Amino acid sequence: MNALAKKFIPAKLGYVLRNLKLTIRGIYYSGKKHYCPLCGHSYRRFFSGGFDLPVITEMQIIGAGRRNDNICPGCASTDRDRLIHALLISKEFDFLPSDALLHIAPEPALYSWLQKSKSELLNKYIQGVKYHEGFYYNSDVRLFDLLAIPFDNESFDLVICNHVLEHIEADQKAMREIYRILKPGGKGILQVPWSPILEKTYEDLSITSVEDREKYFGQFDHVRLYGRDYPERLKSNGFEVQIVEPNMLGFDEKYLLSISINPKEVIFVVTKQV
Ligand SMILES: [Zn+2]
């Protein structure tokens with residue numbers, strides 16, 4: 001939705017119109033080339049999506065940039081969403097079914113799938129976001145700050161918190177909050193955009209302008225660019241870290257091609273030790 005429409009169409013109506021548009025577009029593009037496991041339909045094409053900036057190419061940032069065959073026409077899931085879904089349903093890993101999941105800043109397509117599947121997969125599914133004016137929030141979404149999560153210690157078996165930490169100045173405090181609310185043995189999926197050619201995370205909190213953040217970090221509201229030391233940063237805040245490559249998920253190549261994930265994208269899975 002463009003900025004003008006956003007200003008004049010109430011947020012809830014905008015949400016309904018978006019879903020209607022996706023439904024019509026999904027029917028129009030139905031076909032056989034791609035399969036979207038989040039909406040459960042097949043399509044003749046996925047759309048390009050994401051945006052490019054010079055730093056994204058120069059630093060070979062994973063989890064950012066423009067990709068072909070990225071967006072599902074029917075539910076707008078991205079390659080990143082479909083990769084997380086593959087991990088959640090993988091028989092090689094033991095994520096679902098589970099007791100309690102906290103999904104922070106939920107990706108809409110992943111959220112819809114979890115919401116639809118929760119009676120079989122989860123006893124408790126809570127979505128949490130930080131409030132931003134002008135957005136529509138479902139009534140079951142909890143509004144809170146990741147630096148002060150309003151839940152008791154050891155409340156959740158799973159936390160999904162993707163592409164959030166790069167927006168937060170006190171990211172290590174956020175990591176400790178996630179650690180605190182996980183049960184012993186609980187797992188988190190903590191994706192960030194990162195550069196495999198950057199040895200040490202680059203952050204400079206004095207870089208605050210939109211132009212400079214785009215130039216150095218790859219997005220107007222990112223406060224750092226994570227490097228190869230991202231797993232160490234997670235470990236130093238208590239977690240065990242496993243780096244999961246798509247080919248470790250136990251799916252055949254044909255399936256991974258049909259859901260069109262980025263083969264270079266690894267998943268950072270953290271565990272709170274028992
Ligand atoms: Zn879809």
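Observations on the structure shown:
- Among the cysteines of the chain, those whose beta-carbon sits 4.7 Å or more from every other cysteine beta-carbon are CYS161.
- Highest GNM mean-square fluctuation among GLU107, GLU232, GLU58, for the chain modelled with Cα contacts below 10 Å: GLU58.
- Computed 3J(HN,Hα) for segment 42-54, one whole-Hz value per residue from the Karplus formula 6.51 cos²θ - 1.76 cosθ + 1.60 where θ = phi - 60°, is 10, 9, 7, 7, 9, 8, 5, x, x, 10, 10, 9, x, glycine and proline marked x.
- Globularity index of segment 126-194 is 1.11 (Cα radius of gyration / 2.2 N^0.38 Å, N = number of residues).
- Each of LEU143, LEU22 was scored by other Cβ atoms within 10 Å of its Cβ. Listed from fewest to most, they are LEU143, LEU22.
- Scaled radius of gyration (Cα, divided by 2.2 N^0.38 Å) that segment 24-157 gives: 1.19
- Here the Kirkwood formula, the inverse mean of 1/r across different C-alpha pairs, assigns segment 169-274 a hydrodynamic radius of 15.4 Å.
- Straight-line reach from LYS21: taking Cα to Cα under 22 Å and skipping same-chain neighbours fewer than 8 places apart, the lysines in range are LYS6, LYS7, LYS12, LYS32, LYS33, LYS116.
- Distance-filtered residues of segment 78-109 - backbone nitrogen under 19 Å, label point 7 angstrom along LYS21 Cα→Cβ: 78-79, 107-109
- Number of Lys pairs (Cα under 15 Å; 8 or more positions apart or on different chains) in segment 138-274: 6
- Size of the chain as Cα extents on the principal axes (Å, biggest first): 49, 45, 40
- Put in order of Cβ neighbour count within 10 Å, fewest first, the listed residues GLU177, GLU169, GLU214 become GLU169, GLU214, GLU177.
Throughout, read-outs are computed from the coordinates displayed, never taken from laboratory work. If you're wondering where the values come from, they're calculated on a predicted model, not measured in any experiment. A quick note on method: Cβ atoms are made from the backbone with ideal geometry, for glycine too, and the neighbour counts reach across all protein chains shown.
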